[in-house]
Amino acid sequence: MSQPNLLGIEDLEPAEILRILDAAEHMVEIGHRAVKKVPTLRGRTIVNLFFEPSTRTRASFEIAGKRLSADVINFSPSSSSLKKSESILDTARTLDAMDPDAVVVRHGVAGVPKRVADVLSAPVINAGDGAHEHPTQALLDCFTVRQQKGRIDGLTVTIVGDILHSRVARSNIYAFLKLGAEVRVAAPPPMLPPHVEQMGVKAFTSLREALDGADVVMALRIQNERLAGAYFPSAREYSATFGLDRAKMRYAKDDAIVMHPGPVNRGVELSHDLADHRPSVILDQVRNGVALRMAVLYLYAGRRTADEG
Ligand code: NCD
């Protein structure tokens, strides 16, 4: 990898993205074994530093590290004592003194993983920073699409919902564009970032038009914790116009898949039926998250192991 840290998809070359996806293919097999453990990162220490709540991401980084035989430490500082950026950097320096081999950081403020990386000697993996990026989510989403569709190049990917506040949307826009997909975003106007088309996507305020011919439809969680004002009149109205259900999916291709990074607001972004059944691949995304994060830890935390051959 050309950079020591994984801070965002924006910094990655397409070949590096593919290298991570290919490494994840090898990791999938380990998860099918009775003994799901290989010695790749034995003796290495991985610190999970999560300043924001997380279920899937934290659990899958922990499982991923353990499957590679690393020692994984979960560090969840109470948010109250960490309102000041100095204390975050102090925390980082304290952790650095313990010689971790990788630090996985999630924080509600964009740019914190970068600032932590600036003071750490260990590689930093961004596990989601504010509304900025969530690179491993986009990588596992690309992995899941490639698994389901056999390719990414030439597909049409429609991302629906709170694009403005979503780090998942940003990272996925970068990733799918770099891998040759057409990317569309669809949202009520206040949830579309200004000038979003400059990122190379097509923007729609009509869900029907955005879904026309789509191979992949990705719903996003309404980021209630990041909504400073009123972005839509009510959950019911949002659901009627932008919530996905089987009727609306008829506008997409017959074999289109539905994705969601979770956690799902059931009945808002997705109907209950679609949340639980095909064509949604939500649990495949979660399952693939472990293999993908194994690949990321191997490629970033295992550098010396890899270099030593
Ligand atoms: C996402 C996140 O935290 O950014 N969740 C996740 O990592 N699976 C999406 C979200 O919270 O909406």
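The values are calculated or read from the model by the stated rules, or taken from the named source; none is laboratory data. Predicted model only: the values in this text are computed from it and were never measured. Virtual Cβ from ideal backbone geometry, glycine too; neighbours counted across all protein chains shown. Accessible surface areas use protein heavy atoms only, side chains included; no ligands, DNA or RNA. Shrake-Rupley method; radii C 1.70, N 1.55, O 1.52, S 1.80 Å.
For the chain, what is the mean residue ellipticity at 222 nm derived from helices alone (per DSSP H run of n ≥ 4: -39500 (n - 2.57); sum divided by total residues; nearest 500 deg cm²/dmol)?
Computed ellipticity for the chain at 222 nm equals -12000 deg cm²/dmol.
How high is the FRET efficiency from ARG226 to THR205, r the C-beta distance, R0 25 Å, rounded to 0.05? In this case the efficiency is close to 0.75. Close amide H contacts of ASN48 (hydrogens built in the peptide plane, cut-off under 5 Å, sequence separation of 5 or more or a different chain): ILE73, ASN74, PHE75, VAL104.
Which links in LYS149/LYS248; LYS66/LYS178; LYS36/LYS149; LYS178/LYS202; LYS37/LYS66 stretch past 19 Å when you go from one Cα to the other?
Details: LYS149/LYS248 21 Å; LYS66/LYS178 31 Å; LYS36/LYS149 27 Å; LYS178/LYS202 15 Å; LYS37/LYS66 7 Å.
LYS149/LYS248; LYS66/LYS178; LYS36/LYS149, as the Cα separations exceed 19 Å there.
Put the Cα centre of region 28-51 next to the Cα centre of region 207-221 and the gap is 35 Å. About the centre of its Cα atoms, region 135-285 shows a dipole size close to 120 debye [charges on the beta carbon of Lys, Arg (+1) and Asp, Glu (-1) only; nearest 20 debye].
Computed from point charges on the beta carbon alone (+1 for Lys and Arg, -1 for Asp and Glu), the dipole magnitude for region 72-174 about its Cα centre is near 300 Debye. A simple rule links phi to the HN-Hα coupling: the Karplus curve 6.51 cos²θ - 1.76 cosθ + 1.60 with θ = phi - 60°, which for region 42-57 gives 4, x, 8, 10, 10, 10, 9, 10, 10, 8, 10, x, 6, 10, 5, 5 Hz, with x for Gly and Pro. Computed extension gain for ASP284 through THR55, at 0.36 nm per residue and net of the alpha carbon distance, reaches 80.9 nm.
Database remark: amide H of LEU244 closer than 5 angstrom to the amide H of LEU270, SER271 (H placed geometrically; neighbours at sequence offset of 5 or more, or on other chains; Pro and chain starts carry no H). Antiparallel beta bridges, as assigned by DSSP with both residues in the chain, represent about 5 percent of the total such bridges. The separation of region 110-157 from region 246-309, counted between C-alpha centres, amounts to 12 Å.
Take GLU225: with every protein chain present and a 1.4 Å probe, its accessible area is about 110 Å². HIS277 contributes an accessible area of around 100 Å² to the protein surface, as traced by a 1.4 Å probe with all chains present.
Taking all protein chains as present, what is the carbon and sulfur share of the accessible area of the chain, in % to the nearest whole number, probe 1.4 Å? Carbon and sulfur: 50 percent of the exposed surface of the chain. Taken per residue, the accessible surface of the chain reaches 43 Å², heavy atoms only and a 1.4 Å probe. Angle of helix 135-149 to the longest C-alpha principal axis of the chain, folded into 0 to 90 degrees and rounded to 10: 60°. Karplus-based coupling profile of region 5-22, in residue order and whole Hz: 10, 10, 9, x, 6, 3, 7, 8, 7, x, 5, 6, 4, 5, 4, 5, 4, 5, with θ = phi - 60° in 6.51 cos²θ - 1.76 cosθ + 1.60 and x standing for Gly or Pro.
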